[in-house]
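What follows is one structure encoded as structure tokens, with my remarks underneath.
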Amino acid sequence: RLPLVAICGRPNVGKSTLFNRLTQTRRSIVGDEPGITRDRIYGEVEWAGRDVRLVDTGGVIPDDEALIPAEIFRQAKVGLEEADVIIMVVDGRTELAAPDIELARLLLRGGKPIFLAVNKMDTPELEAGAENFRRLGFRNVLPISAEHAAGIGDLLDEVWAAL
Ligand code: GDP
Ligand code: MG
């Protein structure tokens, strides 16, 4: 069985964009295990000669804003249970929001290898802003732009090294 990496984060931070970028050349699988997977999407990524399974905990709900906060936390808990490594995504262009802080707390408590991807850092000048997010308490903070494919290789290198 392949190792599993879970992408967590509140709505609109870019989870699906990251997931789609990473899995674009691979088949995306909509899970059908009762109870948990209808709202989760699984895919596969090959990097550095190694296949890994990826889950977008935001799922297939077209407008993620429809996810109530409790649902985000439920998804994060499932992610924590089943994943080997967690990537928490935040929107680097917005202020830290209360759900980010609560979610970070929950995920960090899980004791699994965990990385903070500060997304929407589309230009090198923006990358400095990622440092603000260190306040969340993550040791591993990586600026990325899921849309512009920046920082993705570095993120994968670090995540893969933790597997
Ligand atoms: P999710 O709700 O966390 O799955 O977020 P989505 O992947 O649906 O993205 C939410 C919005 O952020 C969409 O309008 C994306 O186009 C946008 N977005 C995602 N990644 C980036 C990025 O790297 N840069 C910018 N500028 N926008 C992004
Ligand atoms: Mg999504």
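Nothing in this text is a laboratory measurement; each read-out follows from the coordinates by a stated rule. The structure displayed is predicted, hence computed values, not measured ones. Positions of Cβ are generated from backbone atoms using ideal geometry, with glycine treated the same way; all protein chains shown enter the neighbour counts.
Need the full-extension length gain, residue 154 to residue 123, defined as separation in residues times 0.36 nm minus the C-alpha distance. One decimal, nm.
Details: separation 31, 0.36 × 31 = 11.16 nm, distance 1.57 nm.
Stretched out fully, the residue 154 to residue 123 stretch lengthens by 9.6 nm.
Sort 72, 144 by Cβ crowding within 10 Å, fewest neighbours at the top.
On the way: 72 21, 144 27.
Listed from fewest to most nearby Cβ atoms, that is 72, 144.
How do 95, 158 line up, fewest other C-beta atoms within 10 Å first? Spell out each step's value before the answer.
On the way: 95 7, 158 16.
Ascending number of Cβ neighbours within 10 Å: 95, 158.
Full extension from residue 44 to residue 102: what is 0.36 nm times the residue separation minus their Cα-Cα distance, to one decimal in nm? Please list the in-between numbers first.
Details: separation 58, 0.36 × 58 = 20.88 nm, distance 2.86 nm.
Once the chain is fully extended between residue 44 and residue 102, it gains 18.0 nm.
For residue 112 paired with residue 93, estimate the spin-label separation in nm (one decimal), with each label point 7 Å from Cα along the Cα-to-Cβ line.
2.9
How high is the FRET efficiency from residue 51 to residue 74, r the C-beta distance, R0 30 Å, rounded to 0.05?
Details: r = 28 Å, r/R0 = 0.93.
With a Förster radius of 30 Å, E is 0.60.
Based only on other Cβ atoms within 10 Å, what is the fewest-to-most ordering of 109, 21, 93?
Values: 109 9, 21 17, 93 13.
Ranking 109, 21, 93 by Cβ neighbours within 10 Å, fewest first, gives 109, 93, 21.
Given the Cα-Cα distance of residue 131 and residue 81 and 0.36 nm per residue of separation, how much length would full extension add, in nm?
Working: separation 50, 0.36 × 50 = 18.00 nm, distance 2.84 nm.
Roughly 15.2 nm would be gained on extension.
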